[in-house]
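Here's the structure we're looking at; comments come further down.
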């Protein structure tokens, strides 16, 4: 199913709401009547294929119980009459096997987030919940203030659409008190448990990571186990709370073991690889190349930088210098030598979450609970206690090789996609490009959705179990993803869903999602890479679409009447030249009709020109309704209208009937209801075979028939005035 429309009837509680969605979904014109007769007229007039999927429910809104069967009957009748229109009914499941458990973090700390997500993969949780990870702020490094907050609130709103069973918030990762409090409040309002990491939230189950004792255990290990006395401390940013806290612990342990505290032995590597290498180089230059016995680093990334720099100078780690890190990230455990570090005991948090979710009763008041989570030492090769075996080295090499290959292929394909798609001006065309460039990862679940309107998600690409769909527009969706009930099934093979926002600096476009049974760091990285590329592509495509729309609007303004939206003389003549060339019209009749109001001057004189303009618009809409898809409507100026109807027989002898139909339609216009005046108009019709236009010059033939219709209209006007 591609390029289809899906309308979910659940929650639609009025005819107006239903027809408003239908009007938007099919792009019906403003004069669409918003009733079943008008719907039938529009659907049977579709000249391009359109497929509609109606998602029903067994127990619709009470206001719609009798109307929906009539609505479906119109769909069935229209499908029988017009082969261009097809439809199908589906029914939404009432209950899902599992519910979402949402985790809110950020790509900026992807490794830490990945470590936590992996620990949630336990039967006590995945048998009842699907872990849904939301990445905030991945494209907004340089954005501050209200625009960033507003965009991120839109992603937070998507969480509420999931109807989660619980909410986990990494406050330190998000680095936004406003966003953190907003997310927590969403959870409280929903009556679900809110778990807060690294921040004490009101009404939350709070977890404090015990950095102090975790880091202390590593310092003590270096001093007590390895008997080191000449120790260098590689801190993070100067003045940073985490950096200064670890410096304090380092000094405390030196004093506790009667070792000298030397401020020159504390250097700052800014928590990053390259600065750590540089500051260590500067230190060694200042100390005549004398390396310390040990380097204690405030995180793993700086520890890897120190290792690699000393190895590049010919030193052996740990034989010549012991190095420790902190955090327990994957790169440290895949490094050679593997880094002695400490990791947070996320398994304990996972256990507490599982117990809380089991016992949670939303009707009861819950006391605020706080837990202190310890860090577990991981004693590895870089301190000399646990040297890497050949088997371990081969495993590390294999992991790195696979990840590097995947990274190269993914970036290459995303680069090709970007270079090809960046010139597009139609988001629907992106689907084919995504399908072509995601061939390496077709075993995954992918979804790319753009928010077309508050009611509509444009599912430009969706893959699930060897089924690939694109260009489907979903209205009034019950779920944020297609096939959501299947994804949430216990046997779906999906334990994790990753969500991220498609966005520019200050505008949200939609969201992207992928799923997997188990979570890996490379899966997460690839997803974030794809989000960045697709966001850039969508940003370019939407900008291109805006430029194309502006150009089209400028052209339309030169061809449309500003008051009524009908064609003006220039637009009318342009459309005539096209309609007479259409092969389907060659054997048909061209009916040119002139119409001029009889009483506009009287209305203007007695009620004002504003009312006169209202009357002109009402007549224009009435003419457009009568002509519809069978021809062209235009206003030449003032109260003079010209329109063409293509028919099977000449209409010259049906002038009175056509005039009556138009005048009656105008009477039912809401702007004229109960008014003391009515619309009256003179009419003139001239007909000829469409083939006449192909036998000579179009403009000469048209001028001849226009003159004839003009003469008949003025003759009609004289007769009507003489009554």
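Just so you know, all these numbers are worked out from the coordinates, no wet-lab data involved. Please read all numbers here as calculations on a predicted model, not as lab measurements. In this analysis, Cβ positions are derived from the backbone assuming ideal geometry, glycine residues included, and neighbour counts consider all displayed protein chains.
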When a/c is below 1.5 the answer is rounded, else prolate if a/b is larger than b/c, else oblate, so apply that to the stretch 298-378 with a ≥ b ≥ c taken from the square roots of the Cα gyration tensor eigenvalues. prolate
Cα-based shape type of the stretch 184-292, given that a ≥ b ≥ c are square roots of the gyration tensor eigenvalues and the cut on a/c is 1.5: prolate
What full-extension length gain, to one decimal in nm, is calculated for residue 547 and residue 406 as 0.36 nm per residue of separation minus the Cα-Cα distance? 47.1 nm
Mean residue ellipticity at 222 nm from the helices of the chain, using -39,500 (n - 2.57) per DSSP H segment of n ≥ 4 over the full residue count, to the nearest 500 deg cm²/dmol? -14000 deg cm²/dmol
Using 7 Å Cα-to-Cβ label points, what is the residue 453/residue 613 separation (nm, one decimal)? 2.6
What is the chain's relative contact order, in percent, from Cα pairs under 8 angstrom and six or more apart in sequence? 11
Between the stretch 302-317 and the stretch 320-369, the alpha-carbon center distance in angstrom: 28
Distance in nm between pseudo-label sites at residue 65 and residue 256 (7 Å out along the Cβ direction from Cα): 7.2
Helix 346-359 against the longest principal axis of the chain: what's the angle in degrees, Cα atoms only, rounded to the nearest 10? 50
Angle between the chain longest axis and helix 110-119 axis [Cα atoms, degrees, rounded to 10]: 80
Span from the the stretch 618-643 Cα centroid across to the the stretch 655-710 one, whole angstrom: 8
Between the modelled labels at residue 14 and residue 444 (7 Å from Cα along Cα→Cβ) the distance in nm is 4.4
Once fully extended, how much extra length lies between residue 387 and residue 628, figured as 0.36 nm per residue of separation less the alpha-carbon to alpha-carbon distance? 78.6 nm
By the gyration tensor of its Cα atoms, with a ≥ b ≥ c the square roots of the eigenvalues, what is the shape of the stretch 569-721: rounded for a/c under 1.5, prolate for a/b over b/c, or oblate? prolate
Output ordering of 458-465, 605-612 (per-residue mean of other Cβ within 10 Å, highest first) is 458-465, 605-612
Hey, fewest Cβ within 10 Å first, where do 652, 355 land in order? 355, 652
Working only with C-alpha atoms, what are the Rg and Dmax values of the stretch 5-91, expressed in angstrom? 12.1, 35
Report the gain in length on full extension from residue 80 to residue 351: 0.36 nm times residue separation, minus Cα-Cα distance, nm rounded to one decimal. 91.8 nm
Among beta bridges that DSSP assigns inside the stretch 5-91, antiparallel share in %, nearest 5: 0
Length-normalised contact order for the stretch 298-385 - Cα pairs under 8 Å, 6+ apart - percent: 35
May I ask for the angle, rounded to the nearest 10°, between helix 300-312 and the longest principal axis of the chain, with both axes built from Cα atoms and the value confined to 0 to 90°? 60
Among the DSSP beta bridges whose two residues both lie in the chain, what percent are antiparallel, rounded to the nearest 5? 50
Residues residue 420 and residue 208, FRET efficiency given R0 of 56 Å [Cβ-Cβ distance, rounded to 0.05]: 0.70
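With a Förster radius of 56 Å, plug the Cβ-Cβ distance of residue 563 and residue 522 into 1/(1 + (r/R0)^6) and report the FRET value to the nearest 0.05.
Computed FRET efficiency for residue 563 and residue 522 comes out at 0.40.
Sequence gap at least 6, Cα distance under 8 Å: using those rules, report the relative contact order of the stretch 5-91 to the nearest whole percent.
For the stretch 5-91, the relative contact order is 40 percent.
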